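Working notes for the structure below.
The values are calculated or read from the model by the stated rules, or taken from the named source; none is laboratory data. The model shown is predicted, which means the values in this text are computed figures rather than measured ones. With ideal geometry, Cβ positions are generated from the backbone for all residues, glycine too; neighbour counts draw on all protein chains shown.
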Ligand code: SIN
């Protein structure tokens, strides 16, 4: 065992289905998320008993209700634990529904050198065959791995990076994938088999950028292009007052004539606009004169990127 493998892993609980409870063991959908404490999740995995771990409950929510204040708390807490020399990595238990957004947010704000591994479950802890305990064990193994770095997602035996990871299934236990198919690695019996080397991450935005009271964060909304999209949703949003719009365009980020006109008008009123795609994978290529592209970011991650820019 290397010295890195003996370092302390801090587990931060935030809720989700991994901490969910149902009335009966054969019920995998009619459960309540965020019921069990992180200590209980750790205690349910006998193999974790021999590990150097510390567990803290940071939040207890269904991740559909994740909010900016919790993100602030999480980012600060992760940064504080990572700064402890004895800590080798941090694991976060989370709900699957917005996990990819939290992963992207933490990567952009902290771009940590030490690993921050987010995990979750599709089945509640009370399930006949819960997936949470194995995912948690895998996440701790990844956090202990000497080659792990940055914000990663350990789920269903795979390791993903924060930018590529997406929830792609609403029910199955292999619910996550990398947008362009690039899984970073596999966890096999406690060992990580790396398949890809990651590129150098972009510089951290830093905690100072997210200091502003969460209530005052810029308002950025997502709209979608579709058959019959006429831009009226954009007019309604602009009338309410907002700071940015991400459009989930069709194909290479294309938008209807009406949607384009509405977005250009929004721009002329000072609203920042980013063009993403509603496709499951692939980038939006920039074209001369086109609305600005969000590159390969999914609409929800482009929204975070724009929000972080607008926080300057
Ligand atoms: C949640 O996202 O908190 C609930 C759903 C899940 O974890 O699968």
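A few points about this structure:
- Whenever a residue of region 61-75 is closer than 24 Å to residue 208 by Cα, its partners that are outside any strand (DSSP E or B) and near the ligand (Cβ under 8 Å from one of its atoms), lying with C-beta atoms within less than 7 angstrom and at least six residues away or across chains, give the pairs 66/98.
- Put simply, of 75, 47 the only residue that is buried (at least 19 other Cβ atoms within 10 Å of the Cβ) and either in contact with a strand residue (DSSP E or B) (Cβ under 6 Å, 6 or more places away or on another chain) or in the same structural domain as residue 125 (by TED's automatic domain parsing) (or both) is 75.
- Here residue 289 fulfils each of the conditions (1) touching a residue at least 24 places away in the same chain (Cβ under 8 Å); (2) surrounded by fewer than 14 Cβ atoms within 10 Å (Cβ to Cβ) apart from (1).
- Every residue from region 176-207 that is in a loop (DSSP other than H, G, I, E, B), farther than 23 Å from residue 300 by Cβ and in contact with a strand residue (DSSP E or B) (Cβ under 6 Å, 6 or more places away or on another chain): 195
- Qualifying residue in region 215-226 (condition: more than 18 Å from residue 276 (Cα to Cα), in contact (Cβ under 8 Å) with a residue 40 or more places away in the chain and touching a strand residue (DSSP E or B) at 6+ places or on another chain (Cβ under 7 Å)): yes
- Meets criteria (more than 16 Å from the ligand (Cβ to nearest atom), modelled with pLDDT of 95 or more and not in a loop (DSSP other than H, G, I, E, B)) for residue 5: no
- Summed over region 108-139, residues that are away from the ligand (no atom under 11 Å from the Cβ) and in a strand (DSSP E or B) total 4.
- Checking residue 14 against (1) within 12 Å of the ligand (Cβ to nearest atom); (2) in contact with a strand residue (DSSP E or B) (Cβ under 6 Å, 6 or more places away or on another chain); (3) part of a helix (DSSP H, G or I), the condition it does not meet: (3)
- Complete set of residues in region 234-259 that are crowded, with 17+ Cβ neighbours inside 10 Å and out of contact with any helix residue (DSSP H, G or I) (no Cβ under 9 Å at 6 or more places or on another chain): 250, 253, 256
- When region 78-103 is filtered for residues that are under 30 Å from residue 30 (Cβ atoms) and more than 15 Å from the ligand (Cβ to nearest atom), only 91 remains.
- Any hit, region 33-53, residues being within 16 Å of the ligand (Cβ to nearest atom) and assigned to a strand (DSSP E or B): no
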